[in-house]
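Peer 1: Structure below; questions to follow.
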Amino acid sequence: MGVYRFLLTPRWWGINVFVLLAIPFCVFMGSWQLGRFEDRVEDHRGAGDRAAENRREPARPLTELLPVDKETVGRQVTARGRYAEQFLVPDRKLDGERGTYVVTLLRTGDGRALPVVRGWLPGAADPAAAPAAPTGEVTVTGALQASEVPGENGVPARGGLPAGQTAAISAASLVNLVPYDVYDAWITLTKADAGMKAVPVATVNDSGLDLKAFQNLGYTGEWFVFAGFVVFMWFRLLRREVEAARDAELGLLPDAGPAPEKAGA
C-alpha cells in the first residue's frame, strides 16, 4: 500500500464517495439536457413537415380542429359567417418591412366571432388604408393559428393603443373590445383580400429551435465540463497527497521549527 495508505482515511473516504456520486449525476444531467435539445430539434423538423402537409390537405370545418395544438396549428380550415368589427395590429413585419395586419371578426352561426387576418399593409396603422370587409354571408378559408401571447414569438407587449387597434391577436385581447365571445384561435387567409399581402403561417409556441433549445445545449456542455472538472480535481488532490506521503517517507518535509522551551527551564 505504501504511500497510498491515506486513501483509507475518513477524509479520503468522503472525497471518493463524493466523486463516485458526482460523476454519474453530472453525466445523467448532461445526457438529459442533450435529450431535451434533440427532442426540440425533432419538433422543429416535425413542424416543418406538418406545415408542408397542411398546405396540401383539403380545408376542414373550423370546429373539427379546435382547440388549437401542435397537431392542428397551420391546418387549412373553413368558416362561414358575416364580417363585423375590424381591427388593426400595428408593428408587424413581412419580408423585412414593418406594417400592419388587418383583422376582421367573422360572426359565425353560434354567435361567437373568429378573428380573420385578411392581409398585411405596409406602413403605420391607418384605418383609412385598410380595405373594408365584404358584406353579406361569406365563406373564408385559411390557416388555423393559436392565440398570440404578448411578449412571445415576436408579438410586442404594449398597451395604450388607439381605438380600433390591438397588440395581439387573441381572445383575451379582443373579448374586451367587442360585446360577444371570441374563439380562442384565429386564421390567416390563404389568399389575402384585394390590396393586401397574405400573412404567412406561424408555428405554435415551443415547436422548434428557440432560445430554450440552445439553453438545453448549453446546459449539456456545462454538466459534462463539471464532470471533467470533478475528475481533474480528484487526480490533482491524489497527486498532492502522494507527493506529500513520499516526501514524508524520505524525510523531506520542512522542519516544523524548534520545540518550545519548557516553563521554568
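The values are calculated or read from the model by the stated rules, or taken from the named source; none is laboratory data. Just so we're clear, the structure is a prediction, and the values are computed from it rather than from any experiment. Methodologically, a virtual Cβ is constructed for each residue, glycine included, from the backbone with ideal geometry; neighbour enumeration extends over all protein chains shown.
Peer 1: For VAL178, are the conditions met, namely being modelled with pLDDT of 85 or more and surrounded by 17 or more Cβ atoms within 10 Å (Cβ to Cβ)?
Peer 2: In short, no.
Peer 1: For the list (1) modelled with pLDDT under 90; (2) surrounded by 14 or more Cβ atoms within 10 Å (Cβ to Cβ); (3) not in a loop (DSSP other than H, G, I, E, B), I need the number of the one condition that PHE214 fails.
Peer 2: Only one criterion is unmet by PHE214, namely (2).
Peer 1: What pairs come up if the first residue lies in region 57-71 and is outside any loop (DSSP other than H, G, I, E, B), the second is small (Gly, Ala, Ser) and surrounded by 11 or more Cβ atoms within 10 Å (Cβ to Cβ), and their beta carbons are under 7 Å apart, counting only those six or more places apart or on different chains?
Peer 2: These pairs meet every condition: LEU62/ALA79.
Peer 1: What number of residues within region 99-156 satisfy the criterion of being within 26 Å of PRO58 (Cβ to Cβ), part of a loop (DSSP other than H, G, I, E, B) and under 29 Å from the mean Cα position of the chain (by Cα)?
Peer 2: 2
Peer 1: How many residues, within region 223-234, are more than 8 Å from GLN33 (Cβ to Cβ) and either touching a Leu at 6+ places or on another chain (Cβ under 8 Å) or in contact (Cβ under 8 Å) with a residue 24 or more places away in the chain (or both)? Break it down into steps so the answer makes sense when it comes.
Peer 2: Here is the first cut: in region 223-234, the ones more than 8 Å from GLN33 (Cβ to Cβ) are 224-234.
Those left that are additionally either touching a Leu at 6+ places or on another chain (Cβ under 8 Å) or in contact (Cβ under 8 Å) with a residue 24 or more places away in the chain (or both): 224, 226-227, 230-231, 234.
Total satisfying the criteria: 6.
Peer 1: OK, next. Working only within region 141-171, note down all residues that are closer than 23 Å to ALA129 by Cβ, modelled with pLDDT under 90 and among the β-branched types (Val, Ile, Thr).
Peer 2: Residue satisfying the conditions is VAL155 alone.
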